[in-house]
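Read through the structure below, which is laid out as structure tokens, and then see the notes.
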Amino acid sequence: ARSASKLLLQASVVLLGFAMNLGEVLRAGRSGFLYTLAGIAFALTAGTILGRVMKVPSRAAYLISCGTAICGGSAIAAVGPAVQASDEEMSVSIGTVFLLNAAGLVVFPPLGHALGLTEREFGLWAALAIHDTSSVVGAGAKYGAAALTVATTVKLARALWIVPLTLATGAVRRVVAHEDPDGGSAKIQWPWFILFFLGAAVVSTYVPALSPVCPWLARAGRIGLGVTLFLIGTGMSKASLAKVGALPLLQGIVLWILVAGTSLLLVRARSEEHTS
């Protein structure tokens with residue numbers, strides 16, 4: 001289920017590109033760049049501080065912070081080798097992020113409606129505050145078409161930060177811990193499917209001959225996302241929940257609340273600036 005969900009998630013996101021206009025996609029990604037950068041910096045800083053205050057093991061605390069800041073389990077899988085995390089630390093971190101990621105998919109859409117967020121506001125908020133791409137896209141699709149466009153694009157732009165973060169983590173670890181280059185190097189997992197997603201958006205925008213087919217492909221992508229979330233759920237068990245433990249889970253919850261609240265304030269401030 002774990003292998004299938006990863007492949008199906010990537011294929012589904014690519015198919016969703018056929019529902020998007022490239023001009024809108026580029027505008028959404030450009031407008032969310034600064035907010036994405038600020039959100040990543042805040043999450044990493046706050047996560048580090050919380051980890052020390054709560055006395056969470058340093059590697060697990062850092063992995064949870066990276067997963068919250070960028071792209072959930074994908075970020076943890078990429079950064080883990082850079083800090084030489086053990087299997088137990090990886091399981092604890094991924095388990096924490098997956099639990100909160102599932103909660104975000106359920107909680108965010110009704111919360112957005114209760115707060116009176118527009119589709120574009122919700123899409124930006126979901127992209128900045130929900131962990132994994134699957135739940136970001138799922139929440140955006142449930143909220144509306146415009147929310148889906150903004151959420152997916154900004155989230156994919158956010159996921160690209162996995163590469164510089166992993167490089168920086170490996171470099172800092174080598175310098176601070178005085179490890180040899182081989183021991184501190186990281187194997188980067190580049191999200192190549194993002195290029196195919198952009199290619200699908202290009203086809204949808206500039207190849208009118210395929211316009212009748214694009215909505216069906218996009219619908220297949222949305223169905224694939226639903227199946228992906230089911231497969232992710234089948235990977236959870238009592239054993240994996242027990243490995244999460246209290247302290248890392250508490251750190252993840254507090255950090256997520258801080259990130260979600262701060263992101264919401266930024267989105268609100270941005271909307272007020274545009275209105276004025």
task: Assess whether Ser134 counts as being crowded, with 24+ Cβ neighbours inside 10 Å, within 30 Å of Lys238 (Cα to Cα) and modelled with pLDDT under 80.
output: yes
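Being at pLDDT 80 or above and out of contact with any Lys or Arg (no Cβ under 9 Å at 6 or more places or on another chain) is the requirement here; does Thr149 meet it?
On the way: at pLDDT 80 or above: yes; out of contact with any Lys or Arg (no Cβ under 9 Å at 6 or more places or on another chain): no.
So Thr149 does not fit the description; no.
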field: Residue count for region 30-89, restricted to those that are small (Gly, Ala, Ser), outside any helix (DSSP H, G or I) and surrounded by fewer than 20 Cβ atoms within 10 Å (Cβ to Cβ)
entry: 1
- prompt: Is there a residue in region 259-270 that is of a type outside the set (Phe, Trp, Tyr), loosely packed, with under 14 Cβ neighbours inside 10 Å and at pLDDT below 75?
  reply: no
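The values are calculated or read from the model by the stated rules, or taken from the named source; none is laboratory data. Just so it is clear, the structure is predicted and the values come from calculations on it, not from any experiment. Glycine gets a Cβ as well: all are built from the backbone with ideal geometry, and neighbour counts include every protein chain shown.
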